[in-house]
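Student: Before anything else, here's the structure in question.
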Amino acid sequence: MRIDDLEFEPLIEQETIAERINLLSVELNADYAGKTPIFIGVLNGSFLFVADLIKQITIPCEVTFTKLASYFGGTSTSRKIREDIDLSVDISGRHVIIVEDIVDTGNTLAYLIEKLKLSNPASITACSMLLKPGKLETSIEELRYVGFEIENEFVVGYGLDYKELGRNLKDIYRLTSTTGEV
Ligand code: 5GP
């Protein structure tokens, strides 16, 4: 499948994503029973994952979003983290679950965790739909929930974009190996 100038192939189908989300939600419902956690989705990429995950959460919870960006439209990571939308809720004394689309180098997540810690939450964990273990630059102990571990490849779909395109795709696709850098 072509998106702009690059060719992509299927990696994870929507049924597999849905099954994995069910299992993650079972864990979260058990781990956070009685804690009324706040889910903080990291925009833009996590919007579909947050929506599908939250529908399976059966314990009382709150949902909000923040917006960070470390990518500027290409297929390789840039170290700069830009903060577009700050958090609008008070998280002090609360149990926070960060919901990410994908953890690549881990710089974005590590930055957000350090920033949120300044507000003295009761606890922080992170839940990422995708993780590239081979690209991780620092181990992040808060990252307790991961949907799928993938290779060092560039992916789109299910909220993830290439040049802002492809977020609407139901499945996750990867860049075909012959078409470009990761
Ligand atoms: P990190 O800070 O962990 O290197 O990068 C995290 C952010 O980079 C993600 O939230 C996502 O926006 C972007 N990113 C990393 N890998 C990919 C990828 O394979 N595809 C897309 N579309 N974005 C990615």
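We did not get these values from a lab; they are worked out from the coordinates using the rules stated. Please read these numbers as outputs of a predicted model, since none were measured by experiment. Reconstructed Cβ throughout: ideal geometry from the backbone, glycine too, with neighbour counts over all protein chains shown.
Student: In nm, what is the difference between 0.36 nm times the number of residues separating Lys35 and Asn22 and their Cα-Cα distance?
Tutor: 2.7 nm
Student: May I pose another question? GNM on the chain, C-alpha springs below 10 Å: top fluctuator among Phe148, Phe49, Phe39?
Tutor: Maximum fluctuation in the GNM of the chain, among the listed residues, is at Phe148.
Student: Determine, from the Cβ-Cβ distance of Arg144 and Asp171 and an R0 of 30 Å, the FRET efficiency 1/(1 + (r/R0)^6), rounded to the nearest 0.05.
Tutor: 0.70
Student: Another question about this same structure. Ignoring everything except DSSP H segments at least 4 long, calculate the 222 nm mean residue ellipticity for the chain; use -39,500 (n - 2.57) per segment, divide by total residues, nearest 500.
Tutor: For the chain, the value works out to -6500 deg cm²/dmol.
Student: Report the charge-dipole magnitude of the chain in Debye, nearest 20, computed about the Cα centre from +1 at each Lys and Arg Cβ and -1 at each Asp and Glu Cβ.
Tutor: That gives the chain a dipole magnitude of about 460 debye.
Student: A further question follows. Springs between alpha-carbon atoms under 10 Å, Gaussian network over the chain: tell me which of Thr125, Thr138, Thr66 tops the mean-square fluctuations.
Tutor: Comparing Thr125, Thr138, Thr66 in the GNM, the peak value goes to Thr138.
Student: Still on this structure: Less than 12 Å Cβ to Cβ from Lys170, Lys/Arg counted +1 and Asp/Glu -1: what total charge do the surrounding residues give?
Tutor: Overall, the nearby charge balance is -3.
Student: Oh, and also: Using amide H atoms built 1.01 Å from N in the peptide plane, name the residues 5+ places from Arg144, or on other chains, whose amide H lies under 5 Å from its own.
Tutor: Ala126
Student: Could you pull out the longest piece of the chain with no exposed loop trypsin sites (Lys or Arg not before Pro) in it, calling a site exposed if DSSP puts it outside H, G, I, E, B and it has at most 15 other Cβ atoms within 10 Å?
Tutor: Segment 81-162 is the longest.
Student: At 0.36 nm per residue, minus the direct Cα-Cα distance, what do Thr105 and Leu43 gain on full extension? Give it in nm, one decimal, please.
Tutor: Answer, rounded to one decimal: 20.6 nm.
Student: Additional query: Just flag the GluC sites (Glu not before Pro) in the stretch 1-51 sitting in loop per DSSP whose Cβ has no more than 14 other Cβ atoms within 10 Å.
Tutor: Taking the stretch 1-51 and a limit of 14 other Cβ atoms within 10 Å, the loop GluC sites (Glu not before Pro) found are Glu13.
Student: Run through the DSSP bridge list for the chain and note the antiparallel percent, rounded to the nearest 5.
Tutor: Roughly 35 percent of the beta bridges in the chain run antiparallel, per DSSP.
Student: Most mobile of Val155, Val99, Val63 per a Gaussian network model of the chain (Cα springs, under 10 Å)?
Tutor: It is Val63.
Student: Something else: Would you please give the residues with an amide H less than 5 Å from that of Leu130, counting only those at least 5 places away or on a separate chain, with H modeled from the backbone geometry?
Tutor: Ile102, Val103, Gly147, Phe148
Student: For Thr176, list long-range residues whose amide hydrogen, built 1.01 Å from N in the peptide plane, is under 5 Å from its own amide hydrogen.
Tutor: Glu7, Phe8, Glu9
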